[in-house]
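The structure appears right after this line, and notes come after that.
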Amino acid sequence: MKKYIFILLAFVGFSANAQINTLTPGTSAPDFKLKNVDGKEVSFANYPNAKGFIVVFTCNTCPVAKAYETRIMELDKKFAPLGYPVIAINPNDPEVSQGDNFDAMKELAKAKKYSFPYLYDAGQVITNKYGAKNTPHIFIVSKTATGNVIEYTGSIDNDQQNNNPERTLYVENAINALRSNSKPLVNSTKAIGCTVRRKAVK
């Protein structure tokens, strides 16, 4: 019986994701005001001096998200001082994925000593606005005269196992291009990782 319940939940999650459209480079980046693991609300406005943002939809439970956790932390360490901080958002519905509830998020952020906010997206409103479909799923955002704009979306690199010295660093390359007042040569890749655990979209 448990097997059939798991299959049903997986099918529901897949069906819900199929109805979500991922935002593409050149489109406006939706702002948000979400609760951080410290209980305070965070939005783009919390970073008045930022040049842009590395918005990453990630979670506690996905093996791929876990594999990229250190690399996400390294991105914040490297690029936050240069004006591109990481903002992490947990896209999973905690009723569907119980290991992604707010208390579990707080425990993980404390244990790993996150230097960036880890936000709880109640009702998956922002997750759906961005169209995040995997964990992790990256959206690089830049500040422009006309507002916040998505410059890159997809994966962090093409080396899930983190053992290829010749891997392509998509996020780093994109931000380096932006810092040179250029557009990323590669502005979209396929996000890899676990499917976002969504309730059925009504």
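The values are calculated or read from the model by the stated rules, or taken from the named source; none is laboratory data. Keep in mind it's a predicted model, so treat the numbers as computed, not measured. Glycine gets a Cβ as well: all are built from the backbone with ideal geometry, and neighbour counts include every protein chain shown.
Listed here are the residues, each with its yes/no results for (1) over 30 Å from Gly147 (Cβ atoms); (2) at pLDDT 95 or above; (3) among the β-branched types (Val, Ile, Thr); (4) within 14 Å of the chain's Cα centre (by Cα).
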| position | (1), (2), (3), (4) |
| --- | --- |
| Lys51 | no, yes, no, no |
| Phe57 | no, yes, no, yes |
| Val64 | yes, yes, yes, yes |
| Lys77 | no, yes, no, no |
| Gly83 | no, yes, no, no |
| Asn92 | no, yes, no, yes |
| Asn101 | yes, yes, no, no |
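All of Asn148, Asn163 fail the test of being more than 17 Å from the chain's Cα centre (by Cα) and either within 21 Å of Phe79 (Cβ to Cβ) or in a loop (DSSP other than H, G, I, E, B) (or both), apart from Asn163. When Ala104, Ala132 are screened for being assigned to a loop (DSSP other than H, G, I, E, B), touching a helix residue (DSSP H, G or I) at 6+ places or on another chain (Cβ under 9 Å) and under 21 Å from Leu34 (Cα atoms), only Ala132 passes.
Every test in (1) under 12 Å from the mean Cα position of the chain (by Cα); (2) under 17 Å from Arg71 (Cα atoms) is passed by Ala109 save one, and that test is (1). The residue pairs whose first member lies in the stretch 186-198 and is without any contact (Cβ under 8 Å) to a residue 40 or more places away in the chain and β-branched (Val, Ile, Thr), whose second member is part of a loop (DSSP other than H, G, I, E, B) and buried (at least 16 other Cβ atoms within 10 Å of the Cβ), and whose beta carbons are closer than 6 Å, counting only pairs six or more residues apart or on different chains, are Thr189/Ser155. Take the stretch 93-108 and flag every residue that is surrounded by 22 or more Cβ atoms within 10 Å (Cβ to Cβ) and in contact with a strand residue (DSSP E or B) (Cβ under 7 Å, 6 or more places away or on another chain). Scanning the stretch 93-108 gives Asp100, Met105. Summed over the stretch 73-92, the residues that are outside any helix (DSSP H, G or I) and either surrounded by fewer than 20 Cβ atoms within 10 Å (Cβ to Cβ) or among the β-branched types (Val, Ile, Thr) (or both) give a count of 4.
Annotation: of all residues in the stretch 21-45 being in contact (Cβ under 8 Å) with a residue 12 or more places away in the chain and outside any loop (DSSP other than H, G, I, E, B), the one that is surrounded by the fewest Cβ atoms within 10 Å (Cβ to Cβ) is Ala45. Of the residues Lys183, Lys190, the single one that is out of contact with any helix residue (DSSP H, G or I) (no Cβ under 7 Å at 6 or more places or on another chain) and modelled with pLDDT of 95 or more is Lys190.
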